[in-house]
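The values are calculated or read from the model by the stated rules, or taken from the named source; none is laboratory data. Computed from a predicted model, the values in this text were never measured in an experiment. Positions of Cβ are backbone-derived with ideal geometry, glycine not excepted, and every protein chain shown enters the neighbour counts. SASA here: full protein model, heavy atoms, side chains in, ligands and nucleic acids out. Shrake-Rupley method; radii C 1.70, N 1.55, O 1.52, S 1.80 Å.
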Amino acid sequence: MKTLLMSLILINMTYEMPKLPYAHDALEPVISKETIDYHYGKHLQTYVNNLNNLVPGTEFEGKPLEVIVATAPDGAIFNNAGQVLNHTLYFLQFTPKQSSKEPKGKLAEAIKRDFGSFENFKKEFDAAAVGLFGSGWAWLSVGKDGKLVITKEPNGSNPVRHGYKPLLGFDVWEHAYYLDYQNRRADHINRLWEIIDWDVVEKRM
Ligand SMILES: [Fe+2]
């Protein structure tokens, strides 16, 4: 009976949209309501719908998102699972009311240990995000050795693909900024620091 119940739960398991802890216009002027409407409401919703259509009947049915992203071969399931994971982490890391402009506690200590200073970390992260060719993501993660690492992930990939624990991600697909900043990716990235919820990022460590 227990096994049957478990399998019913897995059969009915679907991947869901993250619930935003802020209103669509709350991140203005850094990210406009229109961008959230499209980026969250259309792009992310499409990735979630695609994943829920692709996974049933495959070996990935019922598996956690992180497991799919870490293990699926390149292709549609990996691409859509990666983008659901990426955007879930992305949208939940923002706040209209920063409690602090810089990380605190163990995250602040780790950044100082591995990058020298918060300013130097931001400089290296900005360079990764601005310099990424084409569409993709810049991520701060905890690496396998416990040190913080910045990576550039192409398209829909995520640091879990390398066995890392993702903490903070900047989306540099044009759909993330084109309505508000057109081609000025660096301007968009510079402003994102104003809405990072460092408490959320630290809790991911
Ligand atoms: Fe995106």
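Please find, among H162, H188, the residue that is more than 13 Å from L85 (Cα to Cα), free of Cβ contacts under 8 Å to residues at least 40 places away in the same chain and open to solvent by less than 30 Å² (accessible area, probe 1.4 Å). Reasoning before the result, please.
Numbers: H162 fails: open to solvent by less than 30 Å² (accessible area, probe 1.4 Å).
Just a single option satisfies the conditions, and that option is H188.
Checked against (1) under 22 Å from V201 (Cβ atoms); (2) open to solvent by less than 30 Å² (accessible area, probe 1.4 Å); (3) within 16 Å of the ligand (Cβ to nearest atom); (4) in a helix (DSSP H, G or I), T88 meets all criteria but (2).
State all residues of segment 102-121 that are at pLDDT 95 or above and either open to solvent by less than 10 Å² (accessible area, probe 1.4 Å) or closer than 14 Å to W198 by Cα (or both); if no residue qualifies, say none. Matches in segment 102-121: E102, P103, G105, K106, L107, A108, E109, A110, I111, F118, F121.
Residue check: is F94 out of contact with any Pro (no Cβ under 8 Å at 6 or more places or on another chain) and either in contact (Cβ under 8 Å) with a residue 24 or more places away in the chain or closer than 21 Å to I31 by Cα (or both)? Don't jump to the end; show me each part of the working.
Values: out of contact with any Pro (no Cβ under 8 Å at 6 or more places or on another chain): yes; either in contact (Cβ under 8 Å) with a residue 24 or more places away in the chain or closer than 21 Å to I31 by Cα (or both): yes.
So F94 passes the test.
Listed conditions (1) open to solvent by less than 10 Å² (accessible area, probe 1.4 Å); (2) acidic (D, E); (3) free of Cβ contacts under 8 Å to residues at least 40 places away in the same chain are all met by D171, apart from (3).
Having 2 or more residues that are away from the ligand (no atom under 16 Å from the Cβ) is the bar; report the helices (runs of 4 or more DSSP H) wholly within segment 93-201 that clear it.
Of the helices (runs of 4 or more DSSP H) lying wholly inside segment 93-201, those with at least 2 residues that are away from the ligand (no atom under 16 Å from the Cβ) span 105-115, 118-131, 185-192.
With respect to I31, is the statement that it is open to solvent by less than 70 Å² (accessible area, probe 1.4 Å) and either within 11 Å of the ligand (Cβ to nearest atom) or part of a helix (DSSP H, G or I) (or both) true?
Working: open to solvent by less than 70 Å² (accessible area, probe 1.4 Å): yes; either within 11 Å of the ligand (Cβ to nearest atom) or part of a helix (DSSP H, G or I) (or both): no.
The answer is no for I31.
Of everything in segment 38-57 that's free of Cβ contacts under 8 Å to residues at least 40 places away in the same chain and open to solvent by less than 50 Å² (accessible area, probe 1.4 Å), which residue is farthest from K144 (Cα to Cα)? By that ranking, first place goes to G41.
Would you check if K147 is in contact with an Asp or Glu (Cβ under 9 Å, 6 or more places away or on another chain), loosely packed, with under 13 Cβ neighbours inside 10 Å and under 30 Å from D25 (Cβ atoms)?
Numbers: in contact with an Asp or Glu (Cβ under 9 Å, 6 or more places away or on another chain): yes; loosely packed, with under 13 Cβ neighbours inside 10 Å: yes; under 30 Å from D25 (Cβ atoms): no.
No, not satisfied.
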